[in-house]
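The values are calculated or read from the model by the stated rules, or taken from the named source; none is laboratory data. These numbers were taken from a predicted model, which means no experiment stands behind them. When we count neighbours, we look across all protein chains shown, and the Cβ atoms used for this are built from the backbone with ideal geometry, even at glycine. What goes into the accessible areas is simple: the full protein's heavy atoms, side chains included, and nothing from ligands, DNA or RNA. Shrake-Rupley method; radii C 1.70, N 1.55, O 1.52, S 1.80 Å.
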Amino acid sequence: MRYYLAPMEGITGWVYRQVQHECFPAFDKYFTPFLVPRQKKVFHAKEIRDILPENNEGMTLVPQLLTNRAEDFIRGARLLAGYGYHEVNLNLGCPSGTVVSRGRGAGFLASPQLLKAFLDEVFAAFPDPAGKPDGMAISIKTRLGMEDAEEFVPLIELYRQYPLKELIVHPRVREDYYGNRPDWEAFAGALPNTPFPVIYNGDLFAVSDLTRFRERFADVGTVMLGRGAVADPSLLRQMKGGTSYTRKELQHFLDRLAEAYGQVLSGERDVLFKLKELWFYLGQRFPEGKAELKRIRKSQHLSEYQAAVRSLLLTMEGGGLC
């Protein structure tokens, strides 16, 4: 089984990836939060920092592009090739209202004819796979459609027309956002007669979730972990047969994140914002720590934040040195 780390806007940027890679088992592949290629200055400086090879050493990284303009996708992919990348991923899954209203992300799925024209132009520009001169592999991360899983039937037929590197399927429609249950029946429909690997993404929060998935889909060789892996940084290790994190491990991970963000962000306030954002997910593992979690959310200084985190982590297994 292979494991990918999902792109999560605001969370899984290069600093987070570096620290995760250092402190816990590495994923087989990492994906950047989406980059938006533009006509003039293709990427902002922040986006360039996220894909710089020196910021992603030792890991296999795939940049993800968010656009509905083939010329912008091609321009962005060619710039990324200049940085040594051989695969780019097209985001057809983001459910954000501001993204969808512009016909991007999951919003692009509402216009299958435009999507076909887009893919025709992209694959005409990159006819050769990665590893050949000017070659670039193209993968897609998709939802099932906008409103109904039946929309996925013609979409998967469309995808099968192209030499995709991989197809990553999050089996929800846009209207689900992250509610309801992933539609495994719709996902199953993507598997027969598909000439490229199909990757599963959605609601794998624990080893038991993976076990149930593998019982149903034994032939699927790769899964993508997102919110579950951020909520529990040791989830990949557990899925490989290892143990959950210890208090000391989690404390070290959080200290390294604070240190790493402090080296690249402009001030304490920005560092706190990034760390608090992460606790939206981490906090789900501490149902009994409501008071400490509130202190983390309300903290105005790093010293307050760190004291609240230490207090919360002491609740793990009775505060023992686990």
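At 222 nm, what helix-only mean residue ellipticity would the chain give, in deg cm²/dmol to the nearest 500, using -39500 (n - 2.57) for each DSSP H run of four or more? Calculated from helices alone, the mean residue ellipticity at 222 nm is -12000 deg cm²/dmol. GNM on the chain, alpha-carbon springs under 10 angstrom: the most fluctuating residue among ARG285, ARG297, ARG75 is ARG285.
Per the Debye formula on identical point scatterers at the alpha carbon atoms of the chain, with no solvent, log10 I(q)/I(0) at q = 0.06, 0.13 Å⁻¹ is -0.21, -1.00.
For segment 110-190, averaging the sequence separation of C-alpha pairs within contact (under 8 Å, six or more residues apart) and dividing by the residue count gives a relative contact order of 28 percent. Between TYR83 and ALA124, the FRET efficiency from the beta-carbon distance, with R0 = 30 Å, is close to 0.85. Label sites at ARG69 and GLU150, each approximated as a point 7 angstrom past Cα along Cα to Cβ, lie 3.6 nm apart. Put a plus charge on the Cβ of each Lys and Arg, a minus charge on the Cβ of each Asp and Glu, and nothing anywhere else: the dipole of segment 1-119 about its Cα centre is then about 520 debye. Summing Cβ point charges (Lys, Arg +1; Asp, Glu -1) relative to the Cα centre of segment 144-284 gives a dipole of roughly 660 debye.
Listed by chain and number, the lysines placed with their C-alpha closer than 24 angstrom to that of LYS116 are LYS141, LYS165; residues fewer than eight positions away on the same chain are left out. Taking each residue as 0.36 nm, the span from TYR162 to LEU302 lengthens on full extension beyond its C-alpha to C-alpha distance by 45.4 nm. Short-range pairs are left out: with C-alpha atoms under 8 Å and at least six residues apart, the relative contact order of segment 1-53 is 41 percent. Using a Gaussian network model of the chain with C-alpha springs under 10 Å, which one of PHE273, PHE152, PHE217 is most mobile by mean-square fluctuation? Looking only at PHE273, PHE152, PHE217, the biggest GNM fluctuation is shown by PHE273.
Spacing of the modelled spin labels on VAL207 and LEU265, each 7 Å from Cα toward Cβ, amounts to 3.3 nm. Projecting the Cα positions of GLY241, GLY226, VAL309 onto the charge dipole of segment 220-322 (unit charges on Cβ atoms of Lys, Arg, Asp and Glu, taken about the Cα centre) puts GLY226 furthest along the positive direction. When DSSP beta bridges are restricted to pairs lying wholly in segment 42-188, around 0% turn out antiparallel. Across q = 0.16 Å⁻¹, segment 1-71 modelled as identical point scatterers on its alpha-carbon atoms has Debye log10 I(q)/I(0) values of -0.56, in the order of the q list. Using the Cβ atoms and a cut-off under 14 Å, what net charge is assigned to the surroundings of THR32, where Lys and Arg are +1 and Asp and Glu are -1? Value of the local net charge: +1.
About the centre of its Cα atoms, the chain shows a dipole size close to 700 debye [charges on the beta carbon of Lys, Arg (+1) and Asp, Glu (-1) only; nearest 20 debye]. For the pair ASN180 and LYS290, the difference between a 0.36 nm per residue extended length and the Cα-Cα distance amounts to 37.0 nm. Across segment 171-322, C-alpha contacts under 8 Å between residues 6 or more apart give a mean separation that, scaled by the residue count, equals a relative contact order of 17 percent. Alpha-carbon geometry of segment 1-119: the Rg and the Dmax are 14.5, 45 Å, given in that order. For segment 136-241, GluC sites (Glu not before Pro) are listed when DSSP marks them as loop and at most 16 other Cβ atoms sit within 10 Å of their Cβ; the list is GLU147. Taking one quarter of the surface of the convex hull spanned by the alpha-carbon atoms of segment 247-298 gives a direction-averaged projected area of 3.7 nm². Each DSSP beta bridge with both residues in the chain is either parallel or antiparallel, and the antiparallel ones are about 0%. Taking a Cβ cut-off of under 12 Å around THR60, the surrounding Lys, Arg, Asp and Glu residues balance to a net charge of 0, with basic ones at +1 and acidic ones at -1. Between GLU57 and ARG2, the modelled label-to-label distance comes to 2.5 nm, taking each label 7 Å out from Cα in the direction of the beta carbon. Distance from the Cα centre of segment 98-129 to that of segment 139-198, in angstrom? Centre-to-centre distance over Cα atoms comes out at 15 Å. Counting only Cα atoms, segment 92-182 measures 44, 24, 20 Å along its principal axes, largest extent leading. Taking every protein chain into account, the accessible area of the chain amounts to 46 square angstrom per residue (probe 1.4 Å). As a fraction of the 1.4 Å probe accessible area of the chain, surface on carbon and sulfur atoms comes out at 50 percent.
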